[in-house]
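What follows is one structure encoded as structure tokens, with my remarks underneath.
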Amino acid sequence: MEKKVSFGSKFGTIAVVAGSCIGLGNIWRFPYLAGNNGGSAFIIIYILCSLTIAIPIMMSEFVIGRSTGKNAFGAFKVLTPKKRWCLVGLFGILTSFFIFGFYSVVAGWGISFIQTAFTEGFTGRSPAIIHSNFINYINTGWKPTIAALIFIFLTSSIVIGGIERGIERINKVLMPMLAFIIIGLFIYSTSLPGFKEGMDFLLKPDFSKINIGTFLAAIGQSFFSMSLGMGCMVTYGAYIKKETSLPSLALTIGVADLSVAILAGFAIFPGVFTFGIEPTSGPTLVFETLPLVFSMMPGGNIFGIFFFILVFIAAITSSVSMIEPICLFIIQELKTSRVKAVLIISVFVAILSVFCAYSQVEGSSIRIFGQNLFDFLNNTTDKFMLPFGALLIIIFVGWFADKELVRNQITNNGHSFNKGFKIYYTFVRFIIPVVLSLFVLNLLGIIKW
Ligand code: TRP
């Protein structure tokens with residue numbers, strides 16, 4: 001079994017946690033959700049959800065992890081004699097596994113697109129060709145599968161290296177690169193004729209577009225984007241040093257995550273408007289619409305190469321944070337070595353992602369409840385499993401964990417954030433559980449707006 005490990009430095013801590021949060025959620029999901037939900041109106045609600053709901057939940061997950069130094073399952077065992085709470089941890093571990101299943105497939109698309117950008121490029125392709133290329137690619141089944149398997153292999157090789165020498169070391173290199181690329185792409189976008197229209201779409205709110213669905217989409221997305229509700233931050237919390245202030249870490253990460261999502265929107269929509277493409281094209285926005293934009297814009301191939309490298313970096317730093325919770329669970333609870341744990345996980349995850357990739361082939365029979373496996377996992381995890389997991393975690397911290405233990409973690413034994421604690425605790429005990437319960441009841445169809 002591994003001895004107690006922690007992140008090496010403050011920058012390393014921020015890079016790792018931000019690496020988990022900033023991912024396909026920011027670059028693939030956020031732009032299409034904003035596009036489908038009225039642009040800026042969605043963004044305002046999203047910012048509100050992130051600050052008032054997601055950040056306190058992130059702090060709470062850190063509390064559970066840091067106070068125990070345990071994996072998401074074991075942490076509950078330490079904090080309460082009531083056995084049932086451990087199930088929350090198990091549920092989270094199952095959620096990680098499900099998310100990884102479809103995430104690795106999308107990340108694999110990213111790898112294939114880097115290859116396309118380098119070999120054939122996008123210039124001069126007609127919309128029909130771009131569309132049919134993507135569909136043909138998915139329908140081969142084996143191409144996305146190989147790409148996903150390569151991605152799983154790369155992720156596992158990082159996690160095998162451990163926290164400081166694997167995950168932290170890679171994140172410290174990749175996260176600054178990611179920031180550099182996204183700022184570069186944004187600057188380039190400002191030179192496109194559609195820049196103003198893109199800005200208006202993202203900045204001028206049209207409140208008539210807001211309805212309850214907007215709120216639901218915003219909350220789900222803020223959990224997905226900040227890696228909450230499945231114990232990922234419990235696990236990373238176990239590695240946070242005791243001197244680190246949890247509120248300021250969570251705030252830094254929240255702001256960084258929001259900024260990248262919004263920058264990604266700014267980098268994407270000017271091109272979309274410049275070339276008269278519908279901003280509401282959904283999950284294929286990044287993989288179908290953008291290549292079209294790249295095919296028409298000057299320097300599109302170079303933009304494309306950098307963009308898909310960005311997608312890949314964002315994806316891999318997040319995917320390590322899906323494997324690590326399962327890995328720490330296996331290491332601590334089943335008392336195995338890290339290498340063995342990672343190998344076991346890789347095999348299971350690879351099987352799931354092969355099924356996911358093949359479930360998208362036209363006419364495939366790999367379906368659950370009327371959806372193909374990929375859509376099923378993508379929809380159930382963020383619409384149900386994450387909010388439900390987050391609700392249980394927040395109720396645990398607000399009502400079942402020892403108040404003094406929570407206070408000591410949040411204020412670092414009274415050294416900082418003493419005034420903020422009361423507000424935090426009120427949110428954790430009352431406001432967030434009520435909001436999330438409504439959300440979950442609505443999803444279960446028990447209440448309808
Ligand atoms: N936050 C990541 C993204 O935006 C995805 C992710 C990583 C995640 N770890 C997670 C989502 C844990 C939910 C739970 O792409």
Check your understanding: Within region 223-238, is there a residue that is exposed (fewer than 13 other Cβ atoms within 10 Å of the Cβ), of a type in the set (S, T, N, Q) and touching a helix residue (DSSP H, G or I) at 6+ places or on another chain (Cβ under 9 Å)?
Key -> no
Practice problem: Using the structure shown, decide if residue 155 is within 16 Å of the ligand (Cβ to nearest atom) and hydroxyl-bearing (Ser, Thr, Tyr). | Solution: yes
Taking region 18-42 and keeping residues assigned to a helix (DSSP H, G or I), more than 11 Å from the ligand (Cβ to nearest atom) and closer than 18 Å to residue 382 by Cβ leaves 31, 32, 33, 34, 35, 36, 42
Open item on the list: When you check residue 227 against the structure, is it closer than 20 Å to residue 155 by Cβ and either at pLDDT below 95 or within 16 Å of the ligand (Cβ to nearest atom) (or both), yes or no?
Closed with: yes
* Asked: Does region 102-112 include one or more residues that are open to solvent by 60 Å² or more (accessible area, probe 1.4 Å) and touching a residue at least 24 places away in the same chain (Cβ under 8 Å)?
  -> no
Among helices (runs of 4 or more DSSP H) entirely inside region 357-449, those with 2 or more residues being within 24 Å of residue 244 (Cα to Cα) are 386-395, 403-411, 418-426
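If a residue has to be open to solvent by 50 Å² or more (accessible area, probe 1.4 Å) and touching a residue at least 40 places away in the same chain (Cβ under 8 Å) to count, how many in region 416-426 make the cut? Give the steps one after another, and end with the answer.
Here is the first cut: in region 416-426, the residues open to solvent by 50 Å² or more (accessible area, probe 1.4 Å) are 417-419, 422-423, 426.
Still in the list and also touching a residue at least 40 places away in the same chain (Cβ under 8 Å): 417.
Total satisfying the criteria: 1.
Do you know which of the residues in region 318-335 that are β-branched (Val, Ile, Thr) and within 14 Å of the ligand (Cβ to nearest atom) is surrounded by the most Cβ atoms within 10 Å (Cβ to Cβ)? Before the answer, list the steps.
Here is the first cut: in region 318-335, the ones β-branched (Val, Ile, Thr) are 320, 323, 326, 330-331.
Those left that are additionally within 14 Å of the ligand (Cβ to nearest atom): 320, 323, 326.
Working: 320: 23, 323: 24, 326: 26.
Filtering first and then ranking leaves 326.
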Checklist entry - Residues in region 282-292: is at least one under 14 Å from residue 24 (Cβ atoms) and away from the ligand (no atom under 16 Å from the Cβ)? => result yes
Given the condition among the aliphatic types (A, V, I, L, M), part of a helix (DSSP H, G or I) and either surrounded by fewer than 18 Cβ atoms within 10 Å (Cβ to Cβ) or free of Cβ contacts under 8 Å to residues at least 60 places away in the same chain (or both), answer yes or no: does some residue in region 90-99 qualify? yes
Going through (1) within 16 Å of the ligand (Cβ to nearest atom); (2) more than 30 Å from residue 163 (Cβ to Cβ) one by one, residue 305 fails only at (1)
Pairing a residue in region 30-48 that is of a type in the set (Gly, Ala, Ser) with any residue that is buried (at least 20 other Cβ atoms within 10 Å of the Cβ) and outside any helix (DSSP H, G or I), where Cβ atoms lie under 7 Å and the two sit 6 or more apart in sequence or on different chains, gives 35/279
Looking across region 361-392 at residues that are open to solvent by 60 Å² or more (accessible area, probe 1.4 Å) and under 18 Å from residue 442 (Cα atoms), the single one that is modelled with the highest pLDDT is 388
For region 289-317, the count of residues that are open to solvent by 30 Å² or more (accessible area, probe 1.4 Å) and within 21 Å of the chain's Cα centre (by Cα) equals 3
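The values are calculated or read from the model by the stated rules, or taken from the named source; none is laboratory data. Keep in mind the model is a prediction, meaning the values are calculated, not measured. Positions of Cβ are backbone-derived with ideal geometry, glycine not excepted, and every protein chain shown enters the neighbour counts. What goes into the accessible areas is simple: the full protein's heavy atoms, side chains included, and nothing from ligands, DNA or RNA. Shrake-Rupley method; radii C 1.70, N 1.55, O 1.52, S 1.80 Å.
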